[in-house]
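As structure tokens, the structure follows; a few thoughts come after it.
The values are calculated or read from the model by the stated rules, or taken from the named source; none is laboratory data. Keep in mind it's a predicted model, so treat the numbers as computed, not measured. Cβ atoms come from the backbone with ideal geometry, glycine included; neighbour counts cover every protein chain shown. The area values use the complete protein model at the heavy-atom level, side chains included, leaving out ligands, DNA and RNA. Shrake-Rupley method; radii C 1.70, N 1.55, O 1.52, S 1.80 Å.
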Amino acid sequence: MATQVLHPTGRRRKATRLDEHLPVDHRLSQVYRVGAGLMGLLLLVFGILGLIDRIGFFDTGGDTVGGLNTNGALSVLSICAGLLLFAGMVIGGNLASTLNMVLGIAFILSGFVNLALLDTGLNFLAFEMQNVLFSFVVGLLLMMFGMYGRVSGGLPHDNPYWRARHPEQAASEERRRRPPMPEIMRERP
């Protein structure tokens, strides 16, 4: 769904929304799927290993999995986020991209919130500094995977997002690329 926006040149053009659909077979969908799958797998493994150790749900005793502090609550949250990313991987397309961006922002915000709660009694997820850094890295990677090919100043002209943002220029380029029709085809009665 697009709305009309007044362009600085005075012409009207459609505003592009991030939920516009990619072609089903577009190669950008593979990047979104791979990103969601890799990060989902990482979070699932971390969460499952945390639950296998039978750590208390809100235990802040310093139990670690893969060098990161964990407890039952953090393990369950990790599994939920991993499953959500796997669902995005299976669906693909713009949903995977948007999901990667939204969860990336959530991980970065989580890093900041848990950084503020490190040495307080409100640190229910047993975060330590390595968990905060992990949260920042996962958030940045998810955002990178989600924004790839969607958010940039230098998108190629065959990119569907560039074409949606510049419909007049895309149409003129399409007309230039089409081969001219043979004279026989034009002279039909």
- Message: Restricting to segment 43-88, count the residues that are open to solvent by 60 Å² or more (accessible area, probe 1.4 Å) and of a type in the set (A, V, I, L, M).
- Response: 8
- Only one of Gly104, Gly149, Gly139, Gly111 is outside any helix (DSSP H, G or I), open to solvent by less than 70 Å² (accessible area, probe 1.4 Å), in contact with a helix residue (DSSP H, G or I) (Cβ under 8 Å, 6 or more places away or on another chain) and not aliphatic (A, V, I, L, M), namely Gly149
- Looking at Asn123, is it out of contact with any Cys (no Cβ under 8 Å at 6 or more places or on another chain) and crowded, with 21+ Cβ neighbours inside 10 Å? no
- Query: Cβ-Cβ below 8 Å, separation at least six or inter-chain, first residue in segment 89-103 and in contact (Cβ under 8 Å) with a residue 60 or more places away in the chain and over 13 Å from Leu38 (Cβ atoms), second surrounded by fewer than 22 Cβ atoms within 10 Å (Cβ to Cβ) and among the acidic types (Asp, Glu): which pairs?
  - Reply: Asn94/Asp19; Asn94/Glu20; Thr98/Asp19
- From the list Leu141, Leu122, pick out the single residue that is in contact with a Gly (Cβ under 8 Å, 6 or more places away or on another chain) and more than 14 Å from Arg33 (Cβ to Cβ). Leu141
- Task: Would you check which residues across segment 114-128 are assigned to a helix (DSSP H, G or I) and out of contact with any helix residue (DSSP H, G or I) (no Cβ under 8 Å at 6 or more places or on another chain) and list them?
- Result: Ala116
- Message: Kindly evaluate Val132 against the criterion of being in a helix (DSSP H, G or I), without any contact (Cβ under 8 Å) to a residue 40 or more places away in the chain, touching a Leu at 6+ places or on another chain (Cβ under 7 Å) and closer than 23 Å to Asp53 by Cβ.
- Response: yes
- Item | Leading residue by the ranking (farthest from Val45 (Cα to Cα)) among those in segment 68-98 that are part of a loop (DSSP other than H, G, I, E, B) and within 26 Å of the chain's Cα centre (by Cα) | Gly92
